1. If I filter segment 92-99 for residues that are in contact with a Phe, Trp or Tyr (Cβ under 8 Å, 6 or more places away or on another chain), in a helix (DSSP H, G or I) and among the charged types (D, E, K, R), do I get at least one hit?
2. Using beta carbons and a limit of 9 Å, which pairs, at least six apart or on different chains, have the first residue in segment 62-83 and more than 17 Å from Phe11 (Cα to Cα) and the second one modelled with pLDDT under 95?
3. Could you go through segment 377-399 and let me know if any residue there is surrounded by fewer than 18 Cβ atoms within 10 Å (Cβ to Cβ) and within 30 Å of Glu338 (Cα to Cα).
4. Those residues that are in a helix (DSSP H, G or I) and in contact with a Gly (Cβ under 7 Å, 6 or more places away or on another chain), I need them from segment 1-43; list them, please.
5. Cβ-Cβ under 8 Å, sequence separation 6+ or interchain: first residue in segment 171-195 and within 11 Å of Asn242 (Cα to Cα), partner surrounded by 20 or more Cβ atoms within 10 Å (Cβ to Cβ) and of a type in the set (Lys, Arg). Which pairs?
6. Identify, please: which residue in segment 417-450 is among the β-branched types (Val, Ile, Thr) and either in contact with a strand residue (DSSP E or B) (Cβ under 7 Å, 6 or more places away or on another chain) or at pLDDT below 95 (or both) and is, among those, farthest from Asp93 (Cα to Cα)?
7. Name the pairs: first residue in segment 196-209 and more than 14 Å from Gln176 (Cβ to Cβ) and in contact (Cβ under 8 Å) with a residue 60 or more places away in the chain, second residue assigned to a strand (DSSP E or B) and among the aromatic types (Phe, Trp, Tyr), Cβ to Cβ under 8 Å, at least 6 apart or on different chains?
8. Would it be correct to say that Arg396 is out of contact with any helix residue (DSSP H, G or I) (no Cβ under 6 Å at 6 or more places or on another chain) and more than 23 Å from Leu355 (Cβ to Cβ)?
Amino acid sequence: MKLTMLGGGGFRTPLVYRALLDDVADRRIDRVTLYDIDAGRLAAIGHVLDQLAAGSPTAPAVETTTDLDAALEGADFVFSAVRVGGLDGRVADERVALDLGVLGQETTGPGGVAFGLRTIPVAVDIARRVTRLAPDAWVINFTNPAGMITEAMRAVLGDRVIGICDSPMGLAQRAQRALHLDGVDAGIDYAGLNHLGWLQGLTVNGADRLPDLVADADALAGTEEGQLFGADWIASLGAVPNEYLYYYYFTRDALAAIVGTAETRGEFLLRQQADFYRAVAELPGSALATWNRVRVERNATYMQETRGAEHARDDADIEDGGYERVAVALMAAIARDEPAELILNVPNGETLPGLPADAVIEVPCAVDSHGPRPRSVSPLPMHGLGLVQQVKAVERLTIAAALEGSERMAVEALALHPLVDSVTVARQLLAGYRQRIPSLATIFSASPKT
């Protein structure tokens with residue numbers, strides 16, 4: 001089977017390839033095509049993959065290309081992890097907002113809206129090419145904002161596009177470790193949108209064990225979520241929030257922490273990635289060692305501004321990737337009918353009352369050769385449902401604004417986001433993003449509409 005990876009020159013591509021090396025089943029991915037617009041990045045990641053595969057008789061063959069149609073043709077699975085505007089765009093997503101006193105984050109808040117606006121037309125174009133060149137392929141979307149992009153691509157691909165993210169599974173695994181349930185088969189009750197969900201239950205042998213964790217301040221203190229939110233707030237909620245909810249529950253704290261750092265996360269990654277690709281170009285024989293060193297540093301500093309200097313990430317979280325295991329398990333379930341339980345971005349149906357049936361949500365799913373089926377989950381509490389409804393409305397406005405080239409809807413999307421406190425600021429945000437990000441400006445100049 002052929003796997004095409006879009007954004008294949010990206011730093012995290014080796015995580016997926018490393019996970020593929022562990023798959024020795026008869027029906028497996030045996031060809032990987034990496035597509036990227038940057039040939040230099042492709043070459044660097046190619047060196048890393050070659051060194052990962054050394055000595056493996058079953059390693060998938062790898063080819064690289066800057067031709068999108070050639071990459072897609074004949075694919076069985078398409079893994080999409082593109083970054084429209086590059087890391088320069090992410091820096092702008094963050095800095096434009098921060099300069100206006102608004103939280104700057106690439107998937108949450110106005111940064112996520114800006115990222116979505118410039119990415120949606122590209123994602124929809126990819127979807128149309130897939131229907132022409134690989135009509136039987138399944139598309140696994142990791143492109144952020146993952147839920148929004150998945151929903152936009154569904155208009156073309158229907159059920160053959162599925163969104164993935166590692167943060168919900170990471171949350172569930174940390175909860176299990178805190179309860180000393182590592183490796184135990186647990187039923188996960190999680191619901192919301194991508195980067196906006198809550199773990200509401202963890203069932204083992206018919207008993208929900210999550211209340212034990214919620215009531216145990218000492219156990220929570222050893223988890224990333226306990227350090228972020230505090231045991232008292234988690235006890236008040238009666239659930240464990242996804243780490244990205246920190247930006248909603250502690251907005252002023254997060255804003256102050258980010259403003260107080262020497263560089264934003266985007267600026268850190270821009271510098272780190274430039275150093276990585278330059279180092280591999282200079283010493284290709286050390287590509288894998290360089291990648292491993294940079295990977296550990298990258299994982300250790302993830303969401304560092306929310307934790308503070310006194311809290312380091314758990315070693316298991318630093319070492320784990322996460323999303324690559326979800327991707328490989330998803331492909332195995334579909335291609336080989338190996339049932340799996342995964343948290344995915346899929347259409348709501350009747351899973352979460354209060355949201356449209358076609359709205360993409362993030363919930364546990366049973367997956368087999370027919371694709372994913374959402375599991376029943378607990379209803380969201382009123383405050384959670386209200387937040388999810390508001391953010392989903394913003395996502396849908398963003399999709400429409402991007403596809404119609406509508407500045408009015410783009411301003412509306414920004415103004416209605418819970419983390420933007422003024423229509424005036426929304427207008428200033430859009431003007432700032434258009435000035436800083438060329439790929440965003442062209443969306444409105446190509447088809448200007450009010």
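1. The answer is yes, given that some residue of segment 92-99 is in contact with a Phe, Trp or Tyr (Cβ under 8 Å, 6 or more places away or on another chain), in a helix (DSSP H, G or I) and among the charged types (D, E, K, R).
2. These pairs meet every condition: Phe77/Ala327.
3. Yes, segment 377-399 has at least one match.
4. Within segment 1-43, Leu15, Arg41, Leu42 qualify.
5. Leu193/Lys392
6. From segment 417-450, those among the β-branched types (Val, Ile, Thr) are 420, 423-425, 437, 442-443, 450; that's our starting set.
This time we only want the ones that are either in contact with a strand residue (DSSP E or B) (Cβ under 7 Å, 6 or more places away or on another chain) or at pLDDT below 95 (or both), so: 437, 442-443, 450.
Working: Ile437: 9, Thr442: 16, Ile443: 16, Thr450: 23 Å.
Across segment 417-450, the extreme among qualifying residues is Thr450.
7. Gly197/Tyr190; Trp198/Tyr190; Gln200/Tyr190
8. Working: out of contact with any helix residue (DSSP H, G or I) (no Cβ under 6 Å at 6 or more places or on another chain): yes; more than 23 Å from Leu355 (Cβ to Cβ): no.
No.
The values are calculated or read from the model by the stated rules, or taken from the named source; none is laboratory data. As the structure is a prediction and not an experimental result, all values here were calculated from the model. Ideal geometry is used to build each Cβ from the backbone, glycine not excepted, and the neighbour counts take in all protein chains shown.
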